[in-house]
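Below: the structure, in structure tokens.
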Ligand code: ZN
């Protein structure tokens, strides 16, 4: 006997596929959604569709944005000769919240992980190298997470860029090991940025 209607089971299954949503949360959310007023459900569905249809990668830094160039890359007051490399758009948002970084970013959308079969070609690394070729860049700050994957990626980037003569630095290890950048407070982030060392 099926416990739930196949419609609600389908909704639970779809929600359960999202990162961080376990079976119990998926159930709770599914029941919440079916109990919501029709209009709110329509708004939620429309917001999902709308975001998917209109958000794409910035052609410079590959963050998620509504236009060709994100507001940071389009800002001429930012220092375009300093590029901070982060794993995800949310890491970039964390640094932006500090309001102290005046350079620009490059979003890799992942990190190298031999264990998960994620290689250099699976993240936006080639795009970073192309950017370094056509722009006048003085420093690349590698701000990947301090997890094994983040460190592996940092080493790889350093080896790739070093021959070009561009300075490569790594944020200080004040960031807890394995800690996702988005959960770290602004003071810690600033300290990590200020204490960066050359790779
Ligand atoms: Zn951008």
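Please treat every number below as a calculation from the coordinates, not as lab data. Computed from a predicted model, the values in this text were never measured in an experiment. All Cβ positions, even for glycine, are placed from backbone atoms using ideal geometry, and neighbour counts span all protein chains on display.
Compared with the dominant Cα axis of the chain, that is its longest principal axis, helix 125-134 is turned about 40°. Counting only DSSP beta bridges with both residues in the stretch 68-198, the antiparallel share comes to about 20 percent. Its convex hull of Cα atoms gives the stretch 49-158 a direction-averaged projected area, equal to a quarter of the hull surface, of 7.5 nm².
Rounded, prolate or oblate, given the Cα gyration tensor of the chain, with a/c below 1.5 counting as rounded? Before the final figure, lay out the partial values.
Values: a/c = 2.26, a/b = 1.89, b/c = 1.20.
Since a/c reaches 1.5 and a/b is larger than b/c, the shape of the chain is classed as prolate.
Relative to the longest principal axis of the chain, what angle (0 to 90°, nearest 10) does the C-alpha long axis of helix 148-161 take? Taking the Cα atoms of the chain, the angle to 148-161 is about 40 degrees. Ranked by the mean number of other Cβ atoms within 10 Å per residue, highest first, peptides 48-56, 164-172 order as 164-172, 48-56. Which of rounded, prolate, oblate describes the stretch 6-54, given a ≥ b ≥ c as roots of the alpha-carbon gyration tensor eigenvalues and a/c under 1.5 marking rounded, otherwise prolate only if a/b is larger than b/c? Because a/c hits 1.5 or more and a/b fails to exceed b/c, the stretch 6-54 counts as oblate. Neighbour counting of Cβ atoms within 10 Å sorts the residues 21, 85, fewest neighbours leading, into 21, 85.
Among beta bridges identified by DSSP and lying wholly in the stretch 25-137, the antiparallel ones come to about 40 percent.
Its relative contact order, with pairs defined as Cα atoms under 8 Å and 6+ residues apart, puts the stretch 1-152 at 18 percent.
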